[in-house]
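What follows is calculated from the coordinates using simple rules that are stated; it is not laboratory data. Just so it is clear, the model here is predicted, and its values are computed rather than measured. With ideal geometry, Cβ positions are generated from the backbone for all residues, glycine too; neighbour counts draw on all protein chains shown.
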């Protein structure tokens, strides 16, 4: 069966997508690089990325959908303008721009399901993905003519920058026209993203070591954050935009993206650290109910807020940190110890010494010993 690419693209734009490309369901051109990245352990604790079944799916899309012939890729802008002074205020936690609005999984997923009905009605099989499938989606989007992959590993559109979401439909349908890939990269000699990264997470251009990436550390990583990385994380509490913000191509990005991702209040982009430190499970769930932030749960958010507080230089936050020394989560207690030691000065020794006498967790004891040393 052969479908009209023009008709499908028109339908995608009618649904609000800003970009759409169609490519064959061939293996990603960056498959070998991905396998080298996994072999080097740069995926960190994201074990699902190295699972044999996931690797097999990335090698062959028919392992996801039998008879897959085509891949439809869509893009949806999410940029919004927030005063930089608010984002960089050390008394606030900073959230990556893509999470300022409602959960993109729901917005894009619903629209893609609607778009996919055109394929279903034509008798084609299909699978819809929004940041959930075993796809090297940026590479597939590049082959679908939607931009190039920058040295920061982000997909960059020459007239839209990189602040847009991707979604995909794998389908058994064939189309009467397929998009052609543009240049693999258009970065030239620019290295702004590499040098601006606070944690030096790029060992070389086009290679990201997730283990040092602030987005990975604040979102994907569930455990203890290494001491040498904590001071480099600034006030980021969910994700990081540095390597995108400094990119020269970003100057072409639209001022505002889809309305669903524009925050209804400034606190969605930079909530006060004091408020984040006070979150319990109920208030966390209520505050982030419609946000992608909900998936990291309260423990990781408060852990991240402790690090941001420790980096703030604001000693008035100590009173918000002290209750966390008694928190049920050892992860939160340990990172609160670090923050208190950074902010309380000489007064921290007595506070932390008292805590050490009845701390039951070995890792928190180690944090206390390091702080007291």
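Kindly express, to the nearest 10 degrees and within the range 0 to 90, the angle between helix 297-312's C-alpha long axis and the longest C-alpha principal axis of the chain.
In the chain, helix 297-312 runs at an angle near 60 degrees to the longest axis.
Let me understand the stretch 233-373 better: what is its radius of gyration from the alpha carbons, and its Dmax, in angstrom?
17.4, 57
Pick from 45, 84, 291: which residue has the top mean-square fluctuation in a GNM of the chain where Cα pairs under 10 Å get a spring?
Most flexible of the set in this elastic network: 84.
How long, wide and thick is the chain, going by the Cα atoms along their three principal axes, in whole angstroms, largest first?
Taking max minus min along each principal axis of the Cα atoms, the chain gives 74, 43, 42 Å.
At 0.36 nm per residue, and after removing the present C-alpha to C-alpha distance, how many nm does the segment from residue 60 to residue 294 gain when stretched out fully?
Working: separation 234, 0.36 × 234 = 84.24 nm, distance 3.21 nm.
Length difference between fully extended and current span is 81.0 nm.
222 nm [θ] for the chain, helices only, -39500 (n - 2.57) per DSSP H run of 4+, per residue, to 500? Please list the in-between numbers first.
Numbers: 15 runs with 132 residues, N = 373.
Computed mean residue ellipticity for the chain: -10000 deg cm²/dmol.
Counting pairwise Cα distances across the stretch 96-176, what percent come out greater than 18 angstrom?
Working: 1636 of 3240 pairs.
Result for the distance tail: 50 percent.
For the stretch 40-197, take the convex hull of the Cα atoms, compute a quarter of its surface area, and give me that in nm², please. Numbers along the way, then the final one.
Working: hull surface 47.8 nm².
Across all orientations, the stretch 40-197 yields a mean hull projection of 11.9 nm².
Given R₀ = 56 Å, what would the calculated FRET efficiency be for residue 32 paired with residue 362, taking r from the Cβ atoms and rounding to 0.05? Spell out each step's value before the answer.
Details: r = 42 Å, r/R0 = 0.74.
Computed FRET efficiency for residue 32 and residue 362 comes out at 0.85.
Grab the Cα-Cα distance for residue 46 and residue 13, subtract it from 0.36 nm times how many residues apart they are, and report the gain in nm with one decimal.
Numbers: separation 33, 0.36 × 33 = 11.88 nm, distance 3.39 nm.
Length gained between residue 46 and residue 13: 8.5 nm.
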